[in-house]
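Down below is the structure, laid out as C-alpha cells.
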Amino acid sequence: MKLWLLRHARVLLPEGLCYGASDVPADAALTREAAQAFAPLPPPGTPVWVSGLLRTQQMVSALQTVRPDLGAARMDTRLNEMDFGAWELQRWDSMPRSAFDAWMADFAHHRFGGAESTQMLLYRVAAALADLRPAKTTDVVWVTHAGVIRAVQHIVASGGVSIVDMAQWPKDAPEPGGWTALSL
C-alpha cells in the first residue's frame, strides 16, 4: 500500500509561532496551488483521510475541486497535529530554554506545553495506521501535518511506536503544501 502524506499549506500566522493543534486557517491561494500540484498523483477512487483542523479541511476541499474522482474525505482527529498546550500560539523563541531542556531530557514522555507527549502522538498515529491494514485499496491519502508525517516516518522506519530521544525523530517533513509517499 502507498500512503500519500499531504501537508496543509502555509498558515495565516506570523512566522515563528507554535501553532500545533490550534485551529488556524491556511493561505487559500497557496492551498489551491498545492492541491493542483498534488492532484495528478493518486489514482482515481483513492480514499482520503483528513485531520480535524481547518487548514487540512481547506486542502481537502481544494483537492476535491480538482479531483472529484477521489474517495470521499474521512475526518480522523488522530491525524491532528501535536498539541503543545500552553505553548500554542506562542513564539518559539520566547519559550524558556528550560522548557526545551525538559522535553529533550524525556523526549518520549514529556508533555511540552502540558498537553501531549511525542509518545502519545506516536500511539494515536499508529492506531490510525493500523486501521489502514484491512484496506481494499493500494493507495490512501492523508491530509495532515508535519508532526504526524514525522510520526509515520518514524513508525515505518523503526517498525514500532517507541521512541527514546530526539535523535530518533525524523528531521525532514514536507514543506507546507508539500507531500511525500511511503510504502506500507
Checklist entry - Quick check: anything in region 129-138 open to solvent by 30 Å² or more (accessible area, probe 1.4 Å) and modelled with pLDDT of 95 or more? => result no
Next on the checklist: Filter region 142-181 down to the residues that are out of contact with any helix residue (DSSP H, G or I) (no Cβ under 8 Å at 6 or more places or on another chain) and within 14 Å of Leu79 (Cα to Cα) and list them by number.
Outcome noted: Ala146, Ile149, Arg150, Gln153
Item to check | Long-range neighbours under 6 Å by Cβ, at least six apart or interchain, first residue at pLDDT 95 or above within region 41-62, second open to solvent by less than 10 Å² (accessible area, probe 1.4 Å) and among the hydroxyl-bearing types (Ser, Thr, Tyr) | outcome: Val50/Thr56; Ser51/Thr144; Gln58/Thr31; Met59/Thr31; Ala62/Thr31
Checklist entry - Applying the selection to region 70-87, what residues are open to solvent by 70 Å² or more (accessible area, probe 1.4 Å) and modelled with pLDDT of 95 or more? => result Arg74, Met75, Thr77, Ala86
Checklist entry - If a residue has to be of a type outside the set (Phe, Trp, Tyr) and either open to solvent by less than 30 Å² (accessible area, probe 1.4 Å) or assigned to a helix (DSSP H, G or I) (or both) to count, how many in region 22-52 make the cut? => result 20
Checklist entry - Going through region 25-58 one residue at a time, which ones are over 29 Å from Ala130 (Cβ atoms) and among the hydrophobic types (A, V, I, L, M, F, W, C)? => result Ala28, Ala29, Leu30, Ala37
Next on the checklist: Can you find a residue that is crowded, with 17+ Cβ neighbours inside 10 Å and within 21 Å of Thr180 (Cβ to Cβ) anywhere in region 114-121?
Outcome noted: yes
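Is it true that some residue in region 80-100 is free of Cβ contacts under 8 Å to residues at least 40 places away in the same chain, at negative phi and of a type in the set (Phe, Trp, Tyr)?
Scanning region 80-100 turns up at least one residue that is free of Cβ contacts under 8 Å to residues at least 40 places away in the same chain, at negative phi and of a type in the set (Phe, Trp, Tyr).
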Next on the checklist: When you check Val125 against the structure, is it touching a Lys or Arg at 6+ places or on another chain (Cβ under 9 Å), of a type in the set (A, V, I, L, M, F, W, C) and open to solvent by less than 20 Å² (accessible area, probe 1.4 Å), yes or no?
Outcome noted: yes
Checklist entry - Looking at (1) at pLDDT 95 or above; (2) open to solvent by 10 Å² or more (accessible area, probe 1.4 Å), which is the one condition that is false for Leu5? => result (2)
Checklist outcome for this item: By my count, helices (runs of 4 or more DSSP H) wholly in region 83-172 with at least 2 residues that are touching a strand residue (DSSP E or B) at 6+ places or on another chain (Cβ under 8 Å) are 118-132, 146-158
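The values are calculated or read from the model by the stated rules, or taken from the named source; none is laboratory data. Everything numeric here is computed off the predicted structure, so don't read it as measured data. Counting neighbours? That spans all protein chains shown, and the Cβs are built from the backbone with ideal geometry, glycine included. Side chains included, ligands, DNA and RNA excluded: accessible areas come from the protein's heavy atoms. Shrake-Rupley method; radii C 1.70, N 1.55, O 1.52, S 1.80 Å.
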